[in-house]
């Protein structure tokens with residue numbers, strides 16, 4: 001239930017695989033049209049937390065509708081609708097217009113956006129963890145044909161040990177209104193591999209998988225220093241750890257990086273670097289494409 005979200009903010013969350021379920025409409029009218037999202041699932045927040053839903057940009061006072069039927073739970077800043085089995089949809093920064101513990105049907109109005117927020121934070125809980133509402137089988141319709149942006153890739157080598165980070169982000173398919181028009185999203189997947197002489201010597205490794213909500217304890221294992229969240233009139237900067245330390249033999253390498261969104265659009269980048277255990281610090285070359 002949504003009452004557990006205060007615990008999530010404190011750093012406690014149960015993890016599980018996203019439930020397979022039928023798609024559902026948007027919580028604002030037109031219900032069957034794609035709307036603008038200014039904040040994505042697992043975006044960085046406050047330098048400590050992951051964003052557990054998506055922020056749909058709408059004017060204050062906008063009517064909010066249940067995407068599925070269920071029982072209402074009211075909170076000071078949210079309304080939740082729980083399905084049998086514990087699946088729940090929550091709508092934040094919303095004033096409820098339906099009674100506590102009442103039953104509502106899909107498409108029924110349940111509240112209005114509170115003054116001063118300019119968006120509804122929409123989240124889906126599958127009974128064990130929060131899942132990305134933009135995944136296939138979530139909010140529908142949703143169309144995205146823009147590949148994520150990847151680069152630069154940064155590699156640091158000491159002796160025969162490599163660490164690496166990458167800047168990567170996805171571009172919203174519908175541009176948010178001011179002052180959020182430069183906002184960026186997290187990709188769903190960030191992965192990397194190593195090549196020598198054009199041949200893969202280390203297969204693809206997934207560094208980030210945002211299909212499920214991640215607990216705050218993992219924040220600094222996922223987001224590297226230099227990361228900042230979106231702010232009004234200021235684009236965020238998302239820097240991901242690829243590896244905190246990988247041992248390699250001497251030689252010249254290329255690290256390839258891919259960022260993939262929920263619709264399979266893929267951006268890529270690369271960096272060339274040398275490993276020489278006889279040197280205290282090797283040089284590196286940065287590139288992206």
| Residue identified as in a strand (DSSP E or B), outside the structural domain of residue 50 (by TED's automatic domain parsing) and either crowded, with 16+ Cβ neighbours inside 10 Å or free of Cβ contacts under 8 Å to residues at least 12 places away in the same chain (or both) among 112, 208, 120 | 208
| strands (runs of 3 or more DSSP E) within the stretch 18-89 that include 1 or more residues surrounded by fewer than 19 Cβ atoms within 10 Å (Cβ to Cβ) | 63-65, 70-75
| message | Being in contact (Cβ under 8 Å) with a residue 24 or more places away in the chain, under 23 Å from residue 52 (Cβ atoms) and not assigned by TED's automatic domain parsing to the domain that holds residue 55 is the requirement here; does residue 236 meet it? | response | yes
| said: I need the full set of residues from the stretch 216-244 which are over 30 Å from residue 160 (Cα atoms) and in contact with a helix residue (DSSP H, G or I) (Cβ under 9 Å, 6 or more places away or on another chain), in order please. | reply: 216
| field | Hey, residue 15 within 19 Å of the chain's Cα centre (by Cα), surrounded by 14 or more Cβ atoms within 10 Å (Cβ to Cβ) and either at pLDDT below 95 or not assigned by TED's automatic domain parsing to the domain that holds residue 101 (or both) or not | value | no
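A quick yes/no check of all residues on (1) at pLDDT below 95; (2) within 22 Å of the chain's Cα centre (by Cα):
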position	(1), (2)
95	no, no
98	no, no
112	no, no
119	no, yes
125	no, yes
142	no, yes
148	no, yes
160	yes, no
164	no, yes
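Residue by residue, here is whether (1) modelled with pLDDT of 95 or more; (2) assigned by TED's automatic domain parsing to the domain that holds residue 49; (3) more than 16 Å from the chain's Cα centre (by Cα); (4) under 22 Å from residue 245 (Cβ atoms) holds:
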{"residue": "154", "(1), (2), (3), (4)": "yes, no, yes, yes"}
{"residue": "179", "(1), (2), (3), (4)": "yes, no, yes, no"}
{"residue": "188", "(1), (2), (3), (4)": "yes, no, no, no"}
{"residue": "198", "(1), (2), (3), (4)": "no, no, yes, no"}
| said: Checking the structure you have, find out if any residue of the stretch 265-275 is in contact with a strand residue (DSSP E or B) (Cβ under 8 Å, 6 or more places away or on another chain), farther than 30 Å from residue 128 by Cα and free of Cβ contacts under 8 Å to residues at least 60 places away in the same chain. | reply: yes
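The values are calculated or read from the model by the stated rules, or taken from the named source; none is laboratory data. All values reported here derive from a predicted model rather than from experimental measurement. For neighbour counting, all protein chains shown are included, and Cβ atoms are generated from backbone atoms with ideal geometry for every residue, glycine included.
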